[in-house]
Amino acid sequence: MESSVFRVETMTVPGGTESIVRGGRDLFPLLPAALHGVERIGVLGWGPQGRAQALNLRDSLAGSGITVAVGLRPGSRSVADARAEGFSETDGTLGDWLEVAAASDLVILLVADAALAAHHEEIFARLKPGATIGLSHGFLLGHLTATGSAFPADHPVIAVCPKGMGDSVRRLYQQGATVNGAGINASIAVHADPDGHAGDRALAWSIGLGSPYTFATTLADEYRSDIVGERAILLGAVHGLVEALYRYFRIDGADPVTAYERSTEAITGPIARTISTDGLAAVRAATGDVDLFDRAYSAAYGPARDLVAEIYDEVADGTELRSVILAEQRLASRPMTEIGGSPMWSYGAEVRARRGTAPAVLDPLTAGLFVATMMAQVDEFAERGHAWSEIVNESVIEAVDSLLPYMHARDVAYMVDNCSRTARLGTRRWGPRFQAAYEQIALPHLDSPADPALIKGFLDNPAHQALAAAAELRPSVDISVTS
């Protein structure tokens, strides 16, 4: 990573160093220079990321002379909300997506993945000469590669990929108004740089979103790690795990509320908080039953690693991307059903109402299964050659500092049904696979002794060093989400 505007720092990680750039509101005056000739930014789409990024960039660039406009498809139901947030047809900051694209110097494509796959040629045809194409996800690259296509020549192509859901990107930016650098970490990728300024533009965009620190990746690595993570530890595996554990605890004699507390509540509350503040190894020590944690970890790591590897292969070869596009075609004629139909979710409100009346339960069985799954993803990403910043952000930080707090406030099933369509589809496909692996492989082997080699591998894992290095850059703001 290089920049002619921002200070590039070196972060020590296992086996070497990585370049990162710290964010901060004190850097906002530098954004116009770093954007290099960008006078108008067009944000296409008003989903969670589109809304958050348009608002954050508008706030960060206030008074700079750079306009942020929102482009929506004809008939979009989001027009009223965009107007309510101050974007307007009258002043040219709200309009048809193709018209906004045609008038912008940086066009940030934040429409749904399948819609972008279907309509990218229309957008590309309307771009100004030399306009920068911006992405927050590499899905389109995967689609272009699979179809033998490419981005248009002579256009810079960059990505800024926040390591959290859109609501977190906006909420932490607002919460951090008085804390310099507060927000959600982001990766950047420079896929094409014909004018030599793409890297600075990407960094300006990331800092403008409020990223505490920005790290470099490639667009291909980003979409592989991002899509795999959604289907594994961020959403799919969590949903499969709590469904399996709730059923296990009920069969073992627990009442419904206790079963919910030992499964969902334990993961989204004390386990997530412990990882966020003290790291992964601290969870093992905090359980009070290291033997059970170790047996659960040993039972779950292998089947979880097998599933993460299978997902990775299907993302890398395009199978998972094609499944999303095919599903979107089916959904044109029928709605996507909600996922929270099992009985456990009816007890969520009662559990949340009980908070504060008794100490939170950090169940050792639940902790062992969850941490094993998280480490399975960490190790698979490391074996596939991802950078350590990407590994710990996609596998740990995004989970405990963005998604799990929302699940804690509203439950896991709610979160699955209110995330991106690509993630919702992936959770429906892979969540049941994880659930079956826990129920059929991991839980039946809990009585087996812990595997000393696996536990040593966990305790000695270089991910702890990488996570500790990233934690030093974390601002003193925790996301606050109301039920």
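The values are calculated or read from the model by the stated rules, or taken from the named source; none is laboratory data. Everything numeric in this text was worked out from a predicted model, so none of it was measured. Heads up, the Cβs are rebuilt from the backbone with ideal geometry, glycines too, and the neighbour counts pull from every protein chain shown. In case anyone asks, the SASA skips ligands and DNA or RNA and just uses the protein heavy atoms, side chains included. Shrake-Rupley method; radii C 1.70, N 1.55, O 1.52, S 1.80 Å.
Summary of values
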{"item": "Within the range 269-347, helices (runs of 4 or more DSSP H) holding 2 or more residues that are charged (D, E, K, R), open to solvent by less than 40 Å² (accessible area, probe 1.4 Å) and in contact with a strand residue (DSSP E or B) (Cβ under 6 Å, 6 or more places away or on another chain)", "result": "none"}
{"item": "Among (1) free of Cβ contacts under 8 Å to residues at least 40 places away in the same chain; (2) closer than 19 Å to LEU109 by Cα; (3) surrounded by fewer than 19 Cβ atoms within 10 Å (Cβ to Cβ) - the single one THR10 does not satisfy", "result": "(2)"}
{"item": "Total residues in the range 222-263, condition within 15 Å of SER420 (Cβ to Cβ) and among the hydroxyl-bearing types (Ser, Thr, Tyr)", "result": "1"}
{"item": "ALA332, sole failed condition from (1) within 24 Å of the chain's Cα centre (by Cα); (2) free of Cβ contacts under 8 Å to residues at least 12 places away in the same chain", "result": "(1)"}
{"item": "Scope the range 35-50; condition part of a helix (DSSP H, G or I) and buried (at least 23 other Cβ atoms within 10 Å of the Cβ); matching residues", "result": "LEU35, GLN49, GLY50"}
{"item": "Failed condition for VAL238, given (1) touching a Leu at 6+ places or on another chain (Cβ under 9 Å); (2) farther than 30 Å from GLY368 by Cβ; (3) β-branched (Val, Ile, Thr)", "result": "(2)"}
{"item": "GLY63 under 18 Å from ILE133 (Cβ atoms), open to solvent by 50 Å² or more (accessible area, probe 1.4 Å), not hydroxyl-bearing (Ser, Thr, Tyr) and not in a helix (DSSP H, G or I)", "result": "no"}
{"item": "Criterion (of a type in the set (D, E, K, R) and either closer than 18 Å to ILE20 by Cβ or surrounded by fewer than 21 Cβ atoms within 10 Å (Cβ to Cβ) (or both)) met by exactly one of ARG224, ARG247, ARG231", "result": "ARG247"}
{"item": "Filter result (of a type in the set (A, V, I, L, M) and within 21 Å of PRO432 (Cα to Cα)) within the range 241-299", "result": "LEU241, VAL242, ALA244, LEU245, ILE251, ALA259, ALA266, ILE267, ALA296, ALA299"}
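This table checks each residue for (1) open to solvent by 30 Å² or more (accessible area, probe 1.4 Å); (2) part of a strand (DSSP E or B).
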position	(1), (2)
ILE108	no, yes
ALA115	no, no
HIS119	yes, no
ILE123	no, no
LYS128	yes, no
LEU141	no, no
GLY164	no, no
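So that you can scan it fast, the table gives a plain yes or no per residue for (1) over 30 Å from SER211 (Cβ atoms); (2) buried (at least 19 other Cβ atoms within 10 Å of the Cβ); (3) among the polar types (S, T, N, Q); (4) modelled with pLDDT of 95 or more:
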residue	(1), (2), (3), (4)
PRO359	yes, no, no, no
LEU369	yes, yes, no, yes
MET375	no, yes, no, yes
VAL378	no, yes, no, yes
ARG384	no, no, no, yes
TYR406	no, yes, no, no
